[in-house]
Amino acid sequence: MKNNIKIIIFITIIFCSFFNTKSPAENSLKFLSLKNNKVNLRQGPSFEYPVILIYKKKYLPIVIIEKSETWRQVRDFENNSGWIHISQLSKRKSGINIKDNAVIYKKPTIYSRPIARLEIGRLLLIEKCKSNWCKVKTSDYTGWMNKNYLWGKT
């Protein structure tokens, strides 16, 4: 009986790892965004630590590196890292365009009508994603773009 359970557990682990196409690093990434237009990035996990950077862009995506009580160590698109209090973080999904002249399309296909071209670093709010496409919004444009061109998606 014990051998059967061990075999079942072993097969389950092999099966799950075989069909998991993401690397362990990709699976563990957790993206959040900034809740306010002014957020302090601190050197350590306390208000006693000095501010090393002030973000001035609401919904800027950041990746969580570590946790310490009510503080999160984060890294941004430009590899700046430090600590932010959880009260300044939002679950609103956003992304940054990482491809020069990336195109937003009306529908989730390259054969659809192009709506806009984006420069690298453009902030986009993500409404939803399916397969290889995300529905995004930026200023006056709403449409679909290839999710491989977004930094900040989960």
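The values are calculated or read from the model by the stated rules, or taken from the named source; none is laboratory data. In this text, all values refer to a predicted model and were calculated from it rather than measured experimentally. So basically every Cβ, Gly included, is an ideal-geometry build from the backbone, and we count neighbours across all protein chains shown.
A few points about this structure:
- The set of residues in segment 76-89 being surrounded by fewer than 14 Cβ atoms within 10 Å (Cβ to Cβ) and either in a helix (DSSP H, G or I) or assigned by TED's automatic domain parsing to the domain that holds Ser139 (or both) consists of Ile86, Ser87.
- Of the strands (runs of 3 or more DSSP E) lying entirely inside segment 8-75, those carrying at least 1 residues that are at pLDDT 95 or above and either over 28 Å from Leu150 (Cβ atoms) or touching an Asp or Glu at 6+ places or on another chain (Cβ under 7 Å) (or both) are 51-55, 61-68, 71-75.
- Hey, Pro108 touching a Ser or Thr at 6+ places or on another chain (Cβ under 8 Å), buried (at least 18 other Cβ atoms within 10 Å of the Cβ), over 17 Å from Ser33 (Cβ atoms) and of a type outside the set (Gly, Ala, Ser) or not: yes
- Residue in segment 37-55 that is surrounded by 14 or more Cβ atoms within 10 Å (Cβ to Cβ), outside the structural domain of Thr142 (by TED's automatic domain parsing), touching a strand residue (DSSP E or B) at 6+ places or on another chain (Cβ under 8 Å) and at positive phi present: no
- Residue list for segment 94-104, restricted to those being over 14 Å from Leu150 (Cβ atoms) and of a type in the set (Ser, Thr, Tyr): none
- Evaluation of Ser139 against the conditions (1) outside the structural domain of Leu34 (by TED's automatic domain parsing); (2) of a type outside the set (D, E, K, R); (3) at pLDDT 95 or above shows that the sole unmet condition is (3).
- Lone unmet requirement of (1) within 15 Å of the chain's Cα centre (by Cα); (2) more than 17 Å from Lys30 (Cβ to Cβ) for Tyr55: (1)
- Of all residues assigned to segment 114-133, none qualifies as being among the hydroxyl-bearing types (Ser, Thr, Tyr) and either assigned by TED's automatic domain parsing to the domain that holds Pro45 or without any contact (Cβ under 8 Å) to a residue 12 or more places away in the chain (or both).
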